[in-house]
Amino acid sequence: MNILVINGSPNGERSATMRITNAFLEGMGETAEVIDSFKADVKPCRACFSCWFRTPGVCAQKDDMAEILKKFEAADLVIWSTPVYCYSVPSGLKAIMDRTLSTCKPSLYVGDDGRVHHPGYEDGSKKTILIASGALPDVEGNFDGVVFQVKHMFGSESEAICCAEASLFMSKKTRDLMNPYLEAAKKAGAEYKETGHISEETRKILDTPVIPRDEFITYTNGR
């Protein structure tokens, strides 16, 4: 399987999110090409709409995004691996997401969800997974924006793994606490490979904080 991972973390392979992503890939029994958004030369979208009207599908800006788009469009599965920054994604990754505009068309249609869309990968034709992490103790209310964005850009059936309390990965004192979470991510990868979905049982584990909220707050404030 041709899998493309787009890593949004400035910590690269050392990031908490990439630990989860690598466990997921291990469960799938697959490898992936990784694009590091912080090393890529991708400028913000200029909203010139050349990719829609003047040169359909081709961005007017000359940077690394042209090659990224080739890999993006060729991939059987795209994994957006990202920390949550201010309830969204880091700016480097946001620039890449915005620049996928060239894969859409300017016309409009009303989808089965009753919303108005531009034709593109929002129909779910590009298999997409979001793997996100954050240093807050709750999934609900903290990952909503990122999940909303991915599901509306790449299809409502896109899977999402949201890891709260991800800062526990970053300390030797607490890192081992996350081993069961990584095992669940590995199981999720195996399930996705077999069925195209993550089971509710596994999702419940992935959505549950590793330690109680009050304990996490005490740990974070005491560091």
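Placing a label point 7 Å from the Cα of ALA190 along the Cα-to-Cβ line, the residues of the stretch 15-34 whose backbone N sits under 18 Å from it are 20-31.
Taken as Cα centroids, the stretch 18-68 and the stretch 118-133 sit 13 Å apart, rounded to the nearest whole angstrom.
Set against the 2.2 N^0.38 Å expectation for a compact globular protein, the stretch 114-218 has a Cα radius of gyration ratio of 1.18. Normalised Debye scattering of the chain at q = 0.17 Å⁻¹ gives log10 I(q)/I(0) of -1.23, counting only Cα atoms as equal scatterers and leaving out solvent. Specify whether the C-alpha gyration tensor of the stretch 57-143 places it in the rounded, prolate or oblate class, a ≥ b ≥ c being the square roots of the eigenvalues: rounded for a/c under 1.5, otherwise prolate if a/b is larger than b/c and oblate if not. Cα axes put the stretch 57-143 in the oblate bin.
Take every pair of alpha-carbon atoms less than 8 Å apart whose residues are at least six positions apart; their mean separation over the length of the chain yields a relative contact order of 23 percent. Averaged over its residues, the stretch 18-167 has an accessible area of 48 Å² per residue, based on protein heavy atoms and a 1.4 Å probe. With all pairs of different C-alpha atoms in the average, the Kirkwood value for the hydrodynamic radius of the stretch 6-70 is 13.8 Å. With the simple spin-label model, which puts each label point 7 Å out from Cα in the Cβ direction, the SER171 to CYS86 separation comes to 2.7 nm.
Taking the C-alpha atoms only, the angle from helix 213-222 to the longest principal axis of the chain is near 90 degrees.
In the stretch 44-104, a dipole from Cβ-located charges (positive for Lys and Arg, negative for Asp and Glu) runs towards its positive end, and of THR55, ILE79, LEU69 it is THR55 whose Cα lies farthest in that direction.
When the solvent-accessible area of the chain is split by element, carbon and sulfur atoms take up 53 percent of it, the probe being 1.4 Å. If you sort ARG99, ARG115 by accessible surface, 1.4 Å probe, largest first, the order is ARG115, ARG99.
The values are calculated or read from the model by the stated rules, or taken from the named source; none is laboratory data. Quick caveat: nothing in here was measured; it's all calculated off a predicted structure. Quick reminder, even Gly has a Cβ in these numbers, built from the backbone with ideal geometry, and neighbours come from all protein chains shown. Note: accessible area is taken over every heavy atom of the protein model, side chains too, but ligands, DNA and RNA are not part of it. Shrake-Rupley method; radii C 1.70, N 1.55, O 1.52, S 1.80 Å.
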